[in-house]
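The values are calculated or read from the model by the stated rules, or taken from the named source; none is laboratory data. Just so it is clear, the structure is predicted and the values come from calculations on it, not from any experiment. Cβ: placed from backbone, ideal geometry, glycine included. Neighbour counts: every protein chain shown. Just so you know, the surface numbers come from the protein's heavy atoms only, side chains and all, with ligands and any DNA or RNA stripped out. Shrake-Rupley method; radii C 1.70, N 1.55, O 1.52, S 1.80 Å.
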Amino acid sequence: MREHALEHVAGFTILNDLSARDAQMLEMPAGLGPGTGKDFDGGNVLGPWITTLDEIGDPQNLAMEVRVNGERWGGGNSSAMHHDFATMIAHVSRGSTLYPGEVIASGTVGTGCAFELGRELEDGDLVELEVEHI
């Protein structure tokens, strides 16, 4: 139930799936889904911290920012999410059993996707994601 969803959250962390949008765009027209654009070596970065709900405060009001080589590329606030965390957890749990340790990612922050900004990462770039209180 949505009303109790956040009672089951151990904490919040940062996940970057480093989507290979160029590969993804080639596969999507074939109806294969994102495929290798979402699943490649080194393509999922998690952590390094987990912040508990009592430490984070309101998870639907967190400032977020992405920097590449120290330059701000984008950011936003979790208040602009299409669906709040409780709604996402309730939805996922309708058709799947959730176990302790499961990770549910909320999706890309607005202006957080290099492809949509007309930019590309290069080998050796330093990508930093920052979420308030994490």
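Can you spot a residue in segment 79-86 that is in contact (Cβ under 8 Å) with a residue 12 or more places away in the chain, touching a Pro at 6+ places or on another chain (Cβ under 7 Å) and open to solvent by less than 60 Å² (accessible area, probe 1.4 Å)? Yes, some residue in segment 79-86 is in contact (Cβ under 8 Å) with a residue 12 or more places away in the chain, touching a Pro at 6+ places or on another chain (Cβ under 7 Å) and open to solvent by less than 60 Å² (accessible area, probe 1.4 Å).
Of the residues in segment 11-41, how many are assigned to a loop (DSSP other than H, G, I, E, B) and open to solvent by less than 70 Å² (accessible area, probe 1.4 Å)? Walk me through how you get there before you give the answer.
Step one: list which residues in segment 11-41 are assigned to a loop (DSSP other than H, G, I, E, B), which gives 11, 13-14, 17-20, 31-34, 38-41.
In the following step, the residues that additionally are open to solvent by less than 70 Å² (accessible area, probe 1.4 Å) were identified as 11, 13-14, 17-20, 31, 33-34, 38.
Summing the residues that are assigned to a loop (DSSP other than H, G, I, E, B) and open to solvent by less than 70 Å² (accessible area, probe 1.4 Å) in segment 11-41 gives 11.
Taking first residues from segment 45-72 that are open to solvent by 90 Å² or more (accessible area, probe 1.4 Å) and partners that are of a type in the set (D, E, K, R), the Cβ contacts under 6 Å between residues at least 6 apart in sequence or on separate chains come to Asn69/Asp125. Within segment 86-134, being farther than 25 Å from Asp22 by Cα, in a loop (DSSP other than H, G, I, E, B) and polar (S, T, N, Q) holds for Ser96, Thr97.
All conditions in (1) touching a residue at least 24 places away in the same chain (Cβ under 8 Å); (2) of a type outside the set (Asp, Glu); (3) open to solvent by 80 Å² or more (accessible area, probe 1.4 Å); (4) within 17 Å of Gly11 (Cβ to Cβ) hold for Tyr99, with the sole exception of (1).
There is no residue in segment 42-58 that is among the aromatic types (Phe, Trp, Tyr) and either within 26 Å of Asp22 (Cβ to Cβ) or in a strand (DSSP E or B) (or both).
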